[in-house]
Amino acid sequence: MTESSFMLEALELAKKGQFTSGKGACVGCIISKNNQIIGKGFYEFFGAPHAEIMAIESVRKKYRNNFNEVLAGSTITVTLEPCSEFGKTPPCLDEILKYNFKKIIIGQLDASQSSLERLKKSDIEVVTEEIPNELNKGFFKNLKYKKPYVRAKIAMSEDKKIAFIEDDNQWITCSASRLDGHKFRALSDIVLTGSGTIKRDNPALDVRDSEITQLKNFQQPIRAIIASESKLNADLKFFKTPGPKIIFCSNKDVYKNLDSVVDLEVFEIEDSKIKINLLRLLDELSSQDIHDVLLESGPKLITSFIEADLIDEFIIYIAPKILSNTALSFFEGEDSKSPFNSKDFILSEEASIESDKRIIYRRKNGIK
């Protein structure tokens with residue numbers, strides 16, 4: 001195996017933590033010697049030992065009697081710069097420097113750490129090998145801009161309609177597409193919707209993909225409603241479903257009838273022209289260490305986010321249907337700002353899900 005293939009292997013390990021790492025970054029690590037893997041590890045959940053520590057420990061378990069001898073002269077390949085600061089755990093750089101590694105290969109640098117500087121002063125050869133990595137977008141956006149990474153998930157017809165005018169609870173996309181969408185909920189720290197969607201569709205907004213929910217250390221995302229001054233019924237699924245819930249509003253007093261709802265917080269956010277100030281909302285989320293946001297809402301809230309230029313990624317499911325005047329368009333603003341027409345977004349992924357299509361648009365220049 002080559003050093004590049006070890007990095008790809010480490011990236012696959014990092015992906016194992018994408019639904020469980022929470023506020024931590026997804027990281028994978030490989031230890032190799034004589035072109036053979038002798039240890040591996042990944043970051044599993046927030047507060048768990050880091051990937052490098054797990055990889056070192058995996059070598060220790062396999063080679064109890066000559067652990068130090070086996071580790072000497074080996075190469076450690078890690079997808080993210082090792083941490084040099086105390087956080088939930090001690091810095092893994094200190095542990096790495098205890099052993100006689102010949103080389104360290106780092107897939108992505110972390111501006112919040114200073115490991116590179118210390119490693120270059122050691123006897124370890126340091127190599128950085130940047131590879132395409134779709135993980136940790138929220139982690140890096142929060143680090144650079146103090147804002148969460150915002151994905152918008154939209155299910156629509158071929159003529160770009162998403163919400164039936166009549167309240168008949170019809171699904172637009174197939175059940176396989178709806179299940180696929182739960183992966184994006186699971187990738188998120190918080191799922192956001194508007195009060196109109198909550199009242200019309202009565203969604204729970206939790207993750208119900210059993211392959212994900214049965215993972216060890218999986219935690220449901222926070223579920224949140226953006227509501228100016230809209231009365232809400234405590235019997236809605238959103239409030240009845242266990243787990244942390246938030247209402248972001250301009251006036252807490254409107255929701256006094258929900259005081260008995262378990263695990264519910266109500267935050268007042270400054271309003272602007274009768275609407276919640278979405279920029280202030282994202283600032284609030286960032287201050288709560290929320291890195292990844294999923295927006296699942298109706299046309300009004302999606303339009304507000306698009307017009308404020310706050311969406312980083314669109315996940316769009318398209319069913320082979322024409323709904324015409326029976327439903328509302330997904331976006332109520334200028335066509336040039338739609339992800340289909342915007343010069344700021346590019347089509348990054350395309351896939352078929354039974355009869356539906358899933359397309360993903362991302363910013364041309366990455367995060368903003």
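Just so you know, all these numbers are worked out from the coordinates, no wet-lab data involved. Only a predicted model underlies this, so the values are computations on that prediction, with no experimental measurement involved. FYI the Cβ positions are ideal-geometry reconstructions off the backbone, even for glycines, and counts take in every protein chain you see.
What is the dipole size for the stretch 3-135, taken about its Cα centre, with +1 at each Lys and Arg Cβ and -1 at each Asp and Glu Cβ, in debye to the nearest 20? The partial results should precede the final answer.
Values: 16 positive and 18 negative charges, 102 e Å.
Charge dipole, the stretch 3-135, about its Cα centre: 500 debye, nearest 20.
What FRET efficiency comes out for the pair residue 343/residue 267, r = Cβ-Cβ distance, R0 = 51 Å, nearest 0.05?
Once the sixth-power term is evaluated, E becomes 0.90.
Rounded if a/c is under 1.5, else prolate if a/b beats b/c, else oblate: with a ≥ b ≥ c from the C-alpha gyration tensor eigenvalues square-rooted, which is the stretch 261-365? Could you put the intermediate results ahead of the total?
Numbers: a/c = 1.65, a/b = 1.60, b/c = 1.03.
Note, shape of the stretch 261-365 comes out prolate.
At R0 = 30 Å, how high is the FRET efficiency between residue 166 and residue 213 if r is their beta carbon distance? Nearest 0.05 is fine.
On the way: r = 33 Å, r/R0 = 1.09.
E between residue 166 and residue 213, to the nearest 0.05, is 0.35.
Assuming a ≥ b ≥ c are the square roots of the Cα gyration tensor eigenvalues, decide whether the stretch 3-135 counts as rounded (a/c under 1.5), prolate (otherwise, with a/b larger than b/c) or oblate.
It comes out rounded by the Cα gyration axes.
Only loop residues by DSSP count here, and only those with at most 16 other Cβ atoms within 10 Å; note down the GluC sites (Glu not before Pro) in the stretch 290-344 that meet that.
Values: sites: 296, 307, 313, 332, 334; in loops: 296, 332, 334.
Those satisfying the criteria are 332, 334.
Ranked highest first by average number of other Cβ atoms within 10 Å, how do 17-28, 62-73, 279-290 line up? Each step should come with its number before you reach the end.
Values: 17-28: 22.9, 62-73: 12.6, 279-290: 16.9.
Going from most to least packed, we get 17-28, 279-290, 62-73.
To test your reading of the geometry: what angle, between 0 and 90 degrees and rounded to tens, separates the Cα axis of helix 3-15 from the longest principal axis of the chain?
Once rounded, the angle reads 40 degrees.
What does DSSP give for the stretch 138-363 in terms of the percent of beta bridges that are antiparallel, rounded to the nearest 5?
Numbers: 19 of 47 bridges.
About 40 percent, rounded to the nearest 5.
Taking the Cβ of residue 342 as the center, what net charge do the other residues with Cβ under 11 Å away carry, scoring Lys and Arg +1 and Asp and Glu -1?
Working: positive: 337, 343, 363, 364; negative: 309, 334, 335, 344.
Around residue 342, the surrounding residues sum to 0.
For the stretch 108-246, what percent of Cα pairs sit more than 26 Å apart?
Percent of Cα pairs beyond 26 Å in the stretch 108-246: 43.
Residue 137: net charge of surrounding residues, Cβ under 13 Å, Lys/Arg +1, Asp/Glu -1, itself excluded?
+2
What trypsin sites (Lys or Arg not before Pro) does the stretch 172-255 have in DSSP loop regions with at most 16 other beta carbons within 10 Å?
208, 216, 231
Report the per residue volume, in Å³, of the convex hull enclosing the C-alpha atoms of the stretch 138-363.
On the way: hull volume 29.5 nm³, N = 226.
Dividing the Cα hull volume of the stretch 138-363 by its residue count gives 131 Å³.
For a distance above 21 Å, tell me the whole-number percent of Cα pairs in the stretch 51-123 that qualify. Mind dumping the intermediate values first?
Numbers: 598 of 2628 pairs.
Taking all Cα-Cα pairs of the stretch 51-123, the fraction more than 21 Å apart is 23 percent.
Taking 22 Å as R0, compute the FRET efficiency from the Cβ-Cβ separation of residue 158 and residue 332 and round it to 0.05.
The value I calculate is 0.75.
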